[in-house]
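Step one of this worksheet: look at the structure below.
The values are calculated or read from the model by the stated rules, or taken from the named source; none is laboratory data. Everything numeric here is computed off the predicted structure, so don't read it as measured data. Backbone-built Cβ (ideal geometry, glycine too); neighbour counts: all protein chains shown. All accessible areas refer to the heavy atoms of the entire protein, side chains included, with ligands and DNA or RNA removed. Shrake-Rupley method; radii C 1.70, N 1.55, O 1.52, S 1.80 Å.
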Amino acid sequence: CSVCSSPFGPILRLCAARLSMRWGLPCILASKRPILLQGNMNVSGEKATVDGLISMLQEGTRLWRAELGGCSAGAVAWQPFRHGHNIGGLLLHVGEVEGYWIEEVVAGRQRVATELRLLRAADTDSSRGRWASPYEDWSLARYYEVLDQVRDRTLATLSEQESAGKVFQGPDGPVALHSIVTRLISHESYHAGQMMLHKLHHGWNGIEPA
């Protein structure tokens, strides 16, 4: 994919491999193959624990945030063309997708309209390459505050689950909890690679370095 073949591909694949080895779970980025874990399938010969999934999710987020590093407000808000990629919009999308899978699919609760408006969910259609515009006055830290609020709720919901193999009804059919969490990890990593490239390109000021 474009992320794995980018200059940041080795970094993201290393992060994925670390998570895979540490928690004994297959990782989509580490394998370069789409992996769908269904039903009560065992993972790497052993049933993953909910605590292991939580630790894996948290470690993945910590790694990609560390690799992204600091971003100026200008870099976060930079949107080269209308509806195009931008770091702020990608961060909002990451939070929106996590909220959908954990709050709606796992917890079975509808999210409130104010949250969806805050995350500009209606303005994003990733399948068509349409991304929400960033908040012009938001710093990277402000976006992280919003994502952390979503994550706090995610952790509370996951902590209530008794089995990583529990099956929920997803948009395309039954899906196990461990599959949902590994999807979220790969989703974050994928978009983190886009953010890193976007930060790099912003630093070029539109001129490719010699």
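Six or more apart or on different chains, Cβ under 8 Å: which pairs go from a residue in the range 169-183 that's within 20 Å of E59 (Cβ to Cβ) and in contact (Cβ under 8 Å) with a residue 40 or more places away in the chain to one that's among the basic types (K, R) and open to solvent by 80 Å² or more (accessible area, probe 1.4 Å)? Could you list them?
L177/K166
Confirm whether L92 is buried (at least 20 other Cβ atoms within 10 Å of the Cβ), within 19 Å of the chain's Cα centre (by Cα) and part of a helix (DSSP H, G or I).
On the way: buried (at least 20 other Cβ atoms within 10 Å of the Cβ): yes; within 19 Å of the chain's Cα centre (by Cα): yes; part of a helix (DSSP H, G or I): yes.
In short, yes.
Against the definition (at pLDDT 95 or above and either of a type in the set (K, R) or more than 19 Å from I180 (Cβ to Cβ) (or both)), how does S139 come out, yes or no?
Numbers: at pLDDT 95 or above: yes; either of a type in the set (K, R) or more than 19 Å from I180 (Cβ to Cβ) (or both): yes.
Yes: the conditions hold for S139.
State yes or no: is I87 touching a Cys at 6+ places or on another chain (Cβ under 7 Å) and crowded, with 20+ Cβ neighbours inside 10 Å?
The answer is yes for I87.
For the range 95-119, how many residues are within 17 Å of the chain's Cα centre (by Cα) and open to solvent by 60 Å² or more (accessible area, probe 1.4 Å)?
Counting residues in the range 95-119 that are within 17 Å of the chain's Cα centre (by Cα) and open to solvent by 60 Å² or more (accessible area, probe 1.4 Å) gives 1.
Quick one: R151 ticks every box in (1) open to solvent by 30 Å² or more (accessible area, probe 1.4 Å); (2) modelled with pLDDT of 95 or more; (3) out of contact with any Phe, Trp or Tyr (no Cβ under 9 Å at 6 or more places or on another chain) bar one, so which box is it?
Tallying (1) open to solvent by 30 Å² or more (accessible area, probe 1.4 Å); (2) modelled with pLDDT of 95 or more; (3) out of contact with any Phe, Trp or Tyr (no Cβ under 9 Å at 6 or more places or on another chain), R151 fails exactly one: (1).
Can you tell me which residue in the range 66-84 is most open to solvent (accessible area, probe 1.4 Å), limited to those that are part of a helix (DSSP H, G or I) and touching a residue at least 60 places away in the same chain (Cβ under 8 Å)?
Filtering first and then ranking leaves E67.
Residues in the range 176-188: is at least one farther than 21 Å from G99 by Cα and either of a type outside the set (A, V, I, L, M) or not in a strand (DSSP E or B) (or both)?
First, pick out the residues of the range 176-188 that are farther than 21 Å from G99 by Cα: none.
Within the range 176-188, not a single residue is farther than 21 Å from G99 by Cα and either of a type outside the set (A, V, I, L, M) or not in a strand (DSSP E or B) (or both).
Tell me, please, whether a residue that is within 25 Å of V50 (Cβ to Cβ), within 15 Å of the chain's Cα centre (by Cα) and in contact (Cβ under 8 Å) with a residue 24 or more places away in the chain can be found in the range 128-145.
Yes, the range 128-145 contains a residue that is within 25 Å of V50 (Cβ to Cβ), within 15 Å of the chain's Cα centre (by Cα) and in contact (Cβ under 8 Å) with a residue 24 or more places away in the chain.
Would you confirm, using the coordinates I've provided, whether Y190 is aromatic (F, W, Y) and open to solvent by 60 Å² or more (accessible area, probe 1.4 Å)?
yes
Here is a yes/no grid of residues against (1) hydroxyl-bearing (S, T, Y); (2) open to solvent by less than 70 Å² (accessible area, probe 1.4 Å); (3) farther than 20 Å from S55 by Cα:
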residue	(1), (2), (3)
S159	yes, no, no
E162	no, no, no
G165	no, yes, no
G170	no, yes, yes
G173	no, yes, yes
T182	yes, yes, no
H198	no, yes, yes
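Just to be sure before I move on: is E145 open to solvent by 30 Å² or more (accessible area, probe 1.4 Å) and out of contact with any Leu (no Cβ under 8 Å at 6 or more places or on another chain) in the structure I sent?
Yes.
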